[in-house]
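Enquirer: Provided herewith is a single structure, encoded as structure tokens, for subsequent inquiry.
The values are calculated or read from the model by the stated rules, or taken from the named source; none is laboratory data. Since we're looking at a predicted model, the values are computed, not measured. Note: ideal-geometry Cβ built from the backbone for every residue, glycine included; neighbour counts use all protein chains shown. Only protein heavy atoms, including side chains, enter the accessible area calculation; ligands, DNA and RNA are left aside. Shrake-Rupley method; radii C 1.70, N 1.55, O 1.52, S 1.80 Å.
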Amino acid sequence: MRTQLTTRIIFAILALAFWVPPSFADGEEIAPRVDSVSFKRGGGDSLLIDFGLQGDISKEIVETLDSGLSVRITYRARVVRSASFFLGGVISDREFDRLLEKDNLTNTYRVSDDDGGKVREFETLAQALELMRTVENFNVVPLTSILPDQNYQLELQVKLEEFRLPFLLHRFLPFTGLWDETTPWLVLPVPKNISQTR
Amino acid sequence: MASPAGTQKHIPDPLRPVSFRGAEPGKPVAKWVIGVLFLLWAGLTAMQWQLFRVGGAESVTETFGAFALINVNILLLLLLVFLTMRNLAKLVLERRKGILGSKLKTRLVLTFLAVTVIPTFTLFLISAGFLASSIDGWFSVRVDQALENSLNIARAYYSAEEASTTASAKLVAGQLAALEGSHENNLEAGLEELLELYRLDAISIFYPDGSTVETLRPSAAPLFVDPNAEAIKSGFNGEDSAMHISQPDTDILRSIVAVNSPDGGSVTAVVVADRAISISSFRKMQEITKGYEEYRQTEHLRVAIKASYIFPLLIVALLIIFAGTWFGFHLSRTLTEPIGALADATQRIASGDMDFQLDLETPDELGTLVKSFNMMTRDLRQSREKVEAARQTLTEANTELESWRIYMETVMDKVTAGVVGTDINGDITTINPAAMEMLGADEDVRGKPYTEVLPPEALGVFESLADEKRKKRSDFIRRQIHLTAGGISRTVMVHLTTLRDADGRASGTVTVLNDLTDLVKAERAQAWREVARRVAHEIKNPLTPIQLSAQRVRRRYSDLLEESEGDALDEATRTIIAQVEGLKQLVNEFSRFAKMPESKPVPVDLNKIVEEVVSLYRPAHSDITFQLRVDETIPTVEMDPEQIKRTVVNLLDNAVSALEGEEHGFIEVDTQHEPHRQMVRMVISDNGPGLTPKARESLFEPYFSTKKGGTGLGLSIVKSIVADHRGYIRAVDNKPRGTRFILEFPLPGA
């Protein structure tokens, strides 16, 4: 009887030790969300989309950029075929990152894509954030993968990557100004005639 | 060699050692587990401290390692907390149960807790506050402002350099048309002049047709980098730009400006002006920027940094507290366990278990105490063994005495002689059943004065004996007396002996009473038999001649004498003959008495004999009620049937004679079996007039008879027959009336 009680207590201690408390976020902000999505055909028969990011990203970004740290936003798009049973599923899942940095010496902001694209410099944070909120010509799937007689859905999500402390201290140390903001998936039907439009 | 506490030596009984912790299996294991946990925790804490102190990059391995390290540390800390709390809970329980040593243990643990907790937490709080204030001091307004100003200065310097470069580039662009006119064939020479004029290190002119003109200082040649095509393209689009090019040995500020046509409608060329910045200046600007950024990062992580310093400090504080608590437990255990073992050993000794010894050899006072205790136990055990041996001897002696006493009591109970012991005060201390019967005592008279117990008629005799003994100054006197008690007269030989102790002082008197009644009666009977034998011998011989002579006289002279004389003669001779016949019968009775035939016992059924005899009397004496009650359990008895019949006949004759003239005559014959006494009994009772005490006294003597015409030999013969069968006959009063004859015969083997 005593052994069982001791085992339970040790188990409880183990569970408590490995429990990771949730992150803290202070202040009431408008949750970010994906908006203003438009579909278009791109050269080379690709399905391109434009969309924007609405809502507050985070006020701590200013402090982070002033500290010389970068802010990374990941844009993710999935195309899912709507069909029953095994015929359905994800036919495309793509994402790219956009990195926002501040040069404190020149007091300018730089936005760069992870695909090695050009680096754009801005004089103000607002200009840089405007670019961060706007995505154009995101190639989500080849149009050849879109069959005219099938239904497809586009799922979009934007994730403002979590700011990390060394040694994962942000996991269990409170009051360290964290964020881990991820928009809910925005699900839209892919226009059926998109593959036939020229 | 000292053996550690917790081990148990097995040495043969009776010296069975008891170690302090032998009775608690598993406890040493728990102790080792806790020790290992403690060391592990301390080691991991040190590693963690080192990691926090060093900081470092955020690699996956380090992150995971730190995460695991912290969690394992927390786990170990919680385990230690749990085990310590468990020990504390056990201590509370022990204290509630009142276990010996728990109070001392509590006091020690609390003392160590107080000694460790108060200074440690005080130190922790002061250190944590100092750390917090020190870290906060890093982020003071002055530092913040200074860094901000430094950054602003750096920015201003950089901006100024950039603006100057841009301005120089624009000036070059503005003078380009004039320069092309004046140095038509040697534009580079003109640019060199401008290079010197505007402190530039390189000037490049790009024309829409793709041609370029470059001028640069010889020292800047290795640093020169071709302009970015994209930037040149932007310049042709009318977009001016500035950029910073970082080189290993220097840094270059580059401005790109467009040269518009005089009408301002198109871009005729793009001017790229480079100015090298002093490496030291730019590095300092970068360091200022980096310092500012690190300061901001650190400020952002202020709480984390505080925690990273305070957390190990807290762990160290807890380490000290747990170490102190644990040491308190350990110290209290080292003190209380021997004390508890001693107490337990004391209780076991008190309960009688002395066959063990405590197993502890330490050089301190506890070791001395344990040695003394073991010595005391050994002494006690040896003493106990001696006492046990003495007790055993006493028990055996007592058993022997008890056996002897039981034997003596049995002897006293069975002996026919009466024994009465009195103390110096005359109180009876011992009396056996025979003496009680002789003295007519119905109850246990032990403790009573003999004067109350003796019958009044015997009291005088005994006191006269005592007086005589005193007068003779003798310790012993013997006298045959006639003692009547309970209605029975006895001839008793009294032996009066004074008892003396080892010092010769009188301690009491023992009186032995030998009932000589039967002996006297037997002697008397024997005398009578002798008399009878002689009388029969002397009388029987002349009787026949007398009878024959009388018959002859009657025959010869009866006819010779006249009728009257003849009648007289006839009557006389007849009388002589009749009396002689009577004398013959008397002589024959004497002869039978004197010469009782030897009994020939055979197995017989006593009940059958009795039934046969009683059946003969019933029809002959219809006025008397005969009641026969036989015990069917009577076994076969070794008896002479003829003599037993004669005995029953004699007794029934006496009973019938006693009932002559009595109305409602009643004779009862009982047979009884008493297995525990191994005897059979026959009782013949009547409701006649009974016997007087004198008659009862001489009842079985020859020639004593209460019957008219009785010879007085019947009961003598009965007694003789009974005696021949090793039996006993006595006559008692029948209640409410009459006489009761009781005959008792032993069974074979009795």
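Enquirer: Look at the stretch B:393-414 and say how many of its residues are open to solvent by 80 Å² or more (accessible area, probe 1.4 Å) and within 33 Å of the chain's Cα centre (by Cα).
Expert: The qualifying residues number 4.
Enquirer: Tally up the residues in the stretch A:162-186 that are open to solvent by 70 Å² or more (accessible area, probe 1.4 Å) and either β-branched (Val, Ile, Thr) or modelled with pLDDT of 65 or more (or both), please.
Expert: Residues meeting the conditions: 2.
Enquirer: What is the number of the single condition among (1) under 30 Å from B:Leu335 (Cβ atoms); (2) within 14 Å of chain A (Cβ to nearest Cβ) that B:Leu147 does not meet?
Expert: (1)
Enquirer: Quick one: B:Phe124 ticks every box in (1) of a type in the set (Phe, Trp, Tyr); (2) open to solvent by less than 60 Å² (accessible area, probe 1.4 Å); (3) within 14 Å of another protein chain (Cβ to nearest Cβ) except a single one, so which number is it?
Expert: Failed condition: (3).
Enquirer: Out of curiosity, is B:Pro736 in a loop (DSSP other than H, G, I, E, B) and surrounded by 21 or more Cβ atoms within 10 Å (Cβ to Cβ)?
Expert: No; evaluated as a whole, the condition is false for this residue.
Enquirer: Give the stretch B:294-307 a look and list any residue that's facing another protein chain (nearest Cβ under 7 Å) and in a helix (DSSP H, G or I), or say none.
Expert: Passing the criteria: B:Arg296, B:Gln297, B:His300, B:Val303, B:Ala304, B:Ala307.
Enquirer: Would you mention how many residues in the stretch B:668-685 are part of a strand (DSSP E or B) and open to solvent by 10 Å² or more (accessible area, probe 1.4 Å)?
Expert: 7
Enquirer: OK, next. Out of curiosity, is B:Arg96 open to solvent by 80 Å² or more (accessible area, probe 1.4 Å), within 30 Å of B:Trp326 (Cα to Cα) and not acidic (Asp, Glu)?
Expert: Answer is yes for this residue.
Enquirer: Just to be sure, is B:Thr166 in a helix (DSSP H, G or I) and closer than 30 Å to B:Ser266 by Cβ? Let's see the steps before the verdict.
Expert: On the way: in a helix (DSSP H, G or I): yes; closer than 30 Å to B:Ser266 by Cβ: yes.
Spelling it out, B:Thr166 is indeed in a helix (DSSP H, G or I) and closer than 30 Å to B:Ser266 by Cβ.
Conditions (1) closer than 25 Å to B:Arg155 by Cα; (2) in contact with an Asp or Glu (Cβ under 9 Å, 6 or more places away or on another chain), marked per residue:
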{"residue": "B:Glu196", "(1), (2)": "no, no"}
{"residue": "B:Ser219", "(1), (2)": "no, yes"}
{"residue": "B:Phe224", "(1), (2)": "yes, yes"}
{"residue": "B:Phe236", "(1), (2)": "no, no"}
{"residue": "B:Asp240", "(1), (2)": "yes, no"}
{"residue": "B:Ile256", "(1), (2)": "yes, yes"}
{"residue": "B:Ser261", "(1), (2)": "no, no"}
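Enquirer: Can you pull out the residues in the stretch B:525-572 that are part of a helix (DSSP H, G or I) and among the acidic types (Asp, Glu)?
Expert: Of everything in the stretch B:525-572, those that are part of a helix (DSSP H, G or I) and among the acidic types (Asp, Glu) turn out to be B:Glu530, B:Glu538, B:Glu563, B:Glu565, B:Asp567, B:Asp570, B:Glu571.
Enquirer: Then there is this: Name the one entry in B:Val141, B:Val117 that is open to solvent by 80 Å² or more (accessible area, probe 1.4 Å), farther than 30 Å from B:Ala341 by Cα and either in contact with a helix residue (DSSP H, G or I) (Cβ under 7 Å, 6 or more places away or on another chain) or at pLDDT below 85 (or both).
Expert: B:Val141
Enquirer: Just for the stretch B:456-511: of the residues that are open to solvent by less than 30 Å² (accessible area, probe 1.4 Å) and among the charged types (D, E, K, R), which one is farthest from B:Lys694 (Cα to Cα)?
Expert: The extreme case among them is B:Lys469.
Enquirer: Being within 14 Å of chain B (Cβ to nearest Cβ) and of a type in the set (Lys, Arg) is the filter; apply it to the stretch A:88-115 and report the residue that is least open to solvent (accessible area, probe 1.4 Å).
Expert: A:Lys102
Enquirer: Given the condition within 14 Å of chain A (Cβ to nearest Cβ) and either among the acidic types (Asp, Glu) or not in a strand (DSSP E or B) (or both), answer yes or no: does some residue in the stretch B:243-259 qualify?
Expert: Looking through the stretch B:243-259, at least one residue is within 14 Å of chain A (Cβ to nearest Cβ) and either among the acidic types (Asp, Glu) or not in a strand (DSSP E or B) (or both).
Enquirer: Taking the stretch B:431-455, which residues are surrounded by fewer than 18 Cβ atoms within 10 Å (Cβ to Cβ) and without any contact (Cβ under 8 Å) to a residue 24 or more places away in the chain?
Expert: Within the stretch B:431-455, B:Pro433, B:Asp442, B:Glu443, B:Asp444, B:Arg446, B:Gly447, B:Lys448, B:Glu452 meet the criteria.
Enquirer: Name, by its number, the condition in (1) closer than 30 Å to A:Val190 by Cα; (2) part of a strand (DSSP E or B); (3) in contact with a helix residue (DSSP H, G or I) (Cβ under 9 Å, 6 or more places away or on another chain) that does not hold for A:Glu121.
Expert: (1)
Enquirer: For B:Asp353, indicate whether it is more than 14 Å from chain A (Cβ to nearest Cβ), open to solvent by less than 40 Å² (accessible area, probe 1.4 Å), among the acidic types (Asp, Glu) and at negative phi.
Expert: no
Enquirer: Return yes when B:Gly174 is over 18 Å from B:Ser278 (Cβ atoms) and either surrounded by 17 or more Cβ atoms within 10 Å (Cβ to Cβ) or in contact with a Phe, Trp or Tyr (Cβ under 6 Å, 6 or more places away or on another chain) (or both) and no when it is not.
Expert: For B:Gly174, the condition - over 18 Å from B:Ser278 (Cβ atoms) and either surrounded by 17 or more Cβ atoms within 10 Å (Cβ to Cβ) or in contact with a Phe, Trp or Tyr (Cβ under 6 Å, 6 or more places away or on another chain) (or both) - is not met.
Enquirer: While we're here: Return the residues of the stretch B:517-541 that are open to solvent by 100 Å² or more (accessible area, probe 1.4 Å) and in contact (Cβ under 8 Å) with a residue 40 or more places away in the chain; say none if nothing qualifies.
Expert: Looking only at the stretch B:517-541, we keep the residues that are open to solvent by 100 Å² or more (accessible area, probe 1.4 Å), and these are B:523, B:526, B:533-534, B:537-538.
Once the filter is applied, which keeps residues that are open to solvent by 100 Å² or more (accessible area, probe 1.4 Å) and in contact (Cβ under 8 Å) with a residue 40 or more places away in the chain, the stretch B:517-541 yields only B:Arg533.
Enquirer: Go through the stretch B:78-96 and count every residue that is at the interface with chain A (Cβ under 9 Å from one of its Cβ atoms) and among the aliphatic types (A, V, I, L, M).
Expert: Keep residues of the stretch B:78-96 that are at the interface with chain A (Cβ under 9 Å from one of its Cβ atoms), which gives B:78-79, B:81-82, B:86.
Next cut, among the aliphatic types (A, V, I, L, M) only: B:78-79, B:81.
Within the stretch B:78-96, residues that are at the interface with chain A (Cβ under 9 Å from one of its Cβ atoms) and among the aliphatic types (A, V, I, L, M) number 3.
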